[in-house]
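The values are calculated or read from the model by the stated rules, or taken from the named source; none is laboratory data. Everything quoted here is computed from the prediction, not taken from an experiment. Note: ideal-geometry Cβ built from the backbone for every residue, glycine included; neighbour counts use all protein chains shown. Protein only, heavy atoms only, side chains kept; ligands, DNA and RNA dropped before computing areas. Shrake-Rupley method; radii C 1.70, N 1.55, O 1.52, S 1.80 Å.
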Amino acid sequence: MAASVSASSRVASRRHMGSVDAGAAMEKIRAAGLLRTRGLIGGKWVDAYDGKTIEVQNPATGEVLANVACMGNRETADAITSANTTFYTWSKLTASERSKALRKWHDLLMSHKEELALLMTLEQGKPMKEALGEVNYGASFIEFFAEEAKRVYGDIIPPTLADRRLLVLKQPIGVVGAITPWNFPLAMITRKVGPALACGCTVVVKPSEFTPLTALAAADLALQAGIPAGALNVVMGNAPEIGDELMQSTQVRKITFTGSTAVGKKLMAGSANTVKKVSLELGGNAPCIVFDDADIDVAVKGSLAAKFRNSGQTCVCANRILVQEGIYEKFASAFVKAVQSLQVGNGLEESTSQGPLINEAAVQKVEKFVGDATSKGANIMLGGKRHSLGMSFYEPTVVGNVSNDMLLFSEEVFGPVAPLIPFKTEEEAIHLANDTNAGLAAYMFTKNIARSWRVSEALEYGLVGVNEGLISTEVAPFGGVKQSGLGREGSKYGMDDYLEIKYVCMGNLG
Ligand code: ADP
């Protein structure tokens with residue numbers, strides 16, 4: 001009895017501390033002028049036309065942080081018109097002028113690092129350390145593409161007839177609709193908006209309804225940086241209505257989306273009618289292969305980072321940890337020990353390394369996957385249930401002896417559950433790794449250089465981490481194969497998706 005009283009009072013005091021901090025955090029954000037709750041259309045902050053709002057909640061406490069405008073097709077139509085009008089001026093600026101505005105936006109994002117990170121922790125739940133990391137990562141796309149703006153080169157092709165000159169121009173595609181998820185409330189926006197604006201496109205962003213506050217604060221800073229009214233618009237609320245309006249519009253020339261595979265397929269189908277260019281970053285089912293010849297410390301550290309970042313809620317999270325049988329026991333016990341050291345709590349608390357899941361539905365999905373695995377013979381090595389903190393907290397979990405007939409193998413769990421899957425040979429590992437419709441990220445741990453080349457080339461994935469679990473950077477291309485998506489974001493390749501190639505033939509030059 002005494003033990004249970006002290007456990008519950010500990011939970012209460014943690015919650016209390018979290019909510020006190022949350023109040024101070026909100027005050028700080030408000031004082032910086034970054035608590036925006038209306039949409040942004042044509043440089044003006046506007047309410048939903050029918051006055052509707054939706055609540056944004058803190059997943060760690062259930063507290064309502066703000067009520068934001070709940071918009072739909074009419075607001076989206078106006079945002080598209082505004083983006084379309086602005087396209088004709090923004091795209092005519094010199095690359096250097098666009099670059100300067102983007103650079104300034106980057107600097108403002110960085111100088112408001114703390115407020116943006118607090119907003120992310122409050123509305124998404126990720127620990128402050130990760131939120132601060134996301135501000136760096138998110139801002140890095142704006143800096144990188146401010147630089148790339150100046151490097152959109154065309155070509156001159158040797159002509160086939162003497163009196164002709166053949167030129168290739170690269171031109172901005174036009175108005176872009178960008179639909180983004182909640183797990184990276186800032187970076188998924190900047191990774192799209194950065195190259196779009198750099199190329200001369202204008203954008204209508206629809207952030208996730210779970211995390212609109214970070215998006216709106218970032219948009220406020222874009223305005224302050226001198227990104228012109230109408231170049232960047234933000235609408236949120238009724239996702240299918242907003243999505244339909246973006247897809248139906250003939251002015252919107254491109255849809256860029258990060259989110260679930262199911263919604264991505266809908267957007268791809270919906271874009272067919274107006275033949276829009278489509279970039280999709282969809283779900284993954286990342287294998288993380290630990291070979292017998294791996295450095296065990298490197299493998300544990302790397303797979304821990306790849307699995308438990310953002311409490312397992314990223315599309316590049318290690319979803320299946322394949323472990324060769326000679327190292328299985330040793331790796332499993334070292335891995336369980338490492339997972340045990342993860343601290344679950346409110347992301348505002350400094351000691352927290354694992355925040356809550358985004359909502360109750362996410363926890364129920366995790367419970368379903370774990371239940372399915374245990375009913376088919378897998379064993380819980382650690383965790384396996386909701387955390388005593390309540391809300392949507394789930395215990396960091398390790399499940400042993402997972403096999404390919406279980407949901408934990410075939411689908412993305414999107415939570416803090418690490419399934420360990422034993423294998424015998426390299427061929428078997430490659431087969432298991434590729435035995436999925438997804439193809440975003442894959443990881444492997446080995447000290448054998450020849451194997452690292454062989455397996456990297458055999459993996460049907462867009463990204464491969466060798467002896468490293470955190471591989472995303474603004475300078476490298478990010479994107480998937482198979483049903484994980486189309487197109488690449490970040491890096492010099494990230495510009496291509498926002499550009500059209502135009503061939504100009506100059507004839508009769510005498
Ligand atoms: P997740 O499961 O990660 O939340 P979703 O694909 O549901 O992924 O959400 C990603 C983004 O897609 C969010 O901004 C969400 O509001 C938006 N979205 C969801 N359904 C639709 C839809 N029918 N049309 C357009 N956008 C949508």
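Rank-order 254-264, 304-314 by packing density, defined as the average count of other C-beta atoms within 10 Å over each peptide's residues, highest first.
Numbers: 254-264: 21.7, 304-314: 24.4.
Highest-to-lowest ranking by the protection proxy: 304-314, 254-264.
Solvent-accessible surface (1.4 Å probe) assigned to Tyr498 amounts to roughly 10 Å².
Dipole of the range 160-260, Cα-centred, from +1 at each Lys and Arg C-beta and -1 at each Asp and Glu C-beta, to the nearest 20 debye?
Charge dipole of the range 160-260: 520 debye, to the nearest 20.
The charge dipole of the range 286-479, taken about its Cα centre with unit charges on the Cβ atoms of Lys, Arg (+1), Asp and Glu (-1) only, comes to about 340 debye. The distance separating the Cα centre of the range 304-330 from that of the range 346-399 comes to 15 Å. Across the range 124-170, the convex hull enclosing all Cα atoms gives 91 Å³ per residue. Structure note, pairs Lys265/Lys368; Lys104/Lys206; Lys100/Lys502; Lys44/Lys265; Lys129/Lys170: Cα-Cα distances above 28 angstrom occur for Lys44/Lys265; Lys129/Lys170.
What FRET efficiency do you get for Tyr503 and Glu147 if R0 is 35 Å and r is their Cβ-Cβ distance, rounded to the nearest 0.05? The calculated FRET efficiency here is 0.85.
Here the contact order of the chain, divided by its residue count and restricted to Cα pairs under 8 Å and six or more residues apart, works out to 17 percent.
Skipping prolines and chain starts, which residues have an amide H placed within reach, meaning under 5 Å, of the one on Leu65, given they are 5 or more residues away or on another chain? Amide H neighbours of Leu65: Val56, Gln57, Asn58. Diffusion coefficient of the chain by Stokes-Einstein, Kirkwood radius over Cα pairs, 4 °C, 1.567 mPa s: 54 µm²/s. Each other residue within a Cβ distance under 14 Å of Glu468 adds +1 if Lys or Arg and -1 if Asp or Glu, for a net charge of +2.
Please compute the net charge surrounding Gly154, taking Lys and Arg as +1 and Asp and Glu as -1 over other residues with Cβ under 12 Å from its Cβ. For residues surrounding Gly154, the net value is +1. Fully extending the segment from Leu167 to Asp293 would add 40.1 nm, taking 0.36 nm per residue of separation and subtracting the current Cα-Cα distance. Pairs of Cα atoms nearer than 8 Å and 6+ residues apart set the relative contact order; for the range 286-479 it is 28 percent.
Modelled label positions at Ser403 and Glu427, each set 7 Å beyond Cα in the direction of Cβ, lie 2.1 nm from each other. Counting heavy atoms of the protein chains alone, His387 has an accessible area of about 50 Å² for a 1.4 Å probe. Taking a sphere under 13 Å around the Cβ of Arg98 and counting the other residues whose Cβ falls inside, with K and R at +1 and D and E at -1, yields a net charge of +3. Calculated mean residue ellipticity, 222 nm, the chain: -13500 deg cm²/dmol, from DSSP H runs (n ≥ 4) at -39500 (n - 2.57) each, averaged per residue and rounded to 500.
What the phi angles of the range 136-151 give under the Karplus curve with 6.51, -1.76 and 1.60, with θ = phi - 60°, is a coupling list of 4, 5, x, 5, 4, 5, 5, 5, 4, 7, 4, 6, 5, 3, 7, 10 Hz, glycine and proline written as x. Taking 0.36 nm per residue of separation and subtracting the Cα-Cα distance, full extension of the segment from Asn273 to Lys492 would add 75.9 nm. For the pair Asn379 and Thr160 in one chain, pulling the backbone fully straight at 0.36 nm per residue adds 72.0 nm over the alpha carbon distance. Computed about its Cα centre, the charge dipole of the range 24-282 is approximately 880 debye, with only Lys, Arg, Asp and Glu carrying charge at their Cβ. Evaluated over the Cα positions of the range 274-406, the convex hull gives a direction-averaged projected area, one quarter of its surface, of 10.8 nm². One Cα centroid belongs to the range 128-160, the other to the range 486-510; the line between them spans 16 Å. Rounded to 0.05, the FRET efficiency of the Glu27 and Ser456 pair, given R0 = 51 Å and the Cβ-Cβ distance, is 0.55. Put Ile296, Ile179, Ile380 in order of accessible area, highest first, and with a 1.4 Å probe you get Ile380, Ile296, Ile179. Would you mind pulling out the separation of the Cα centroids of the range 232-285 and the range 418-481, in Å? What the calculation gives is 29 Å, centre to centre. At 4 °C and a viscosity of 1.567 mPa s, what translational diffusion coefficient does Stokes-Einstein give for the range 24-282, taking Rh as the Kirkwood radius over Cα pairs? Give it in µm²/s as a whole number. After rounding, the answer is 70 µm²/s. In the context of the full protein assembly, Thr37 retains an accessible surface of approximately 50 Å², using a probe radius of 1.4 Å and ignoring ligands and nucleic acids.
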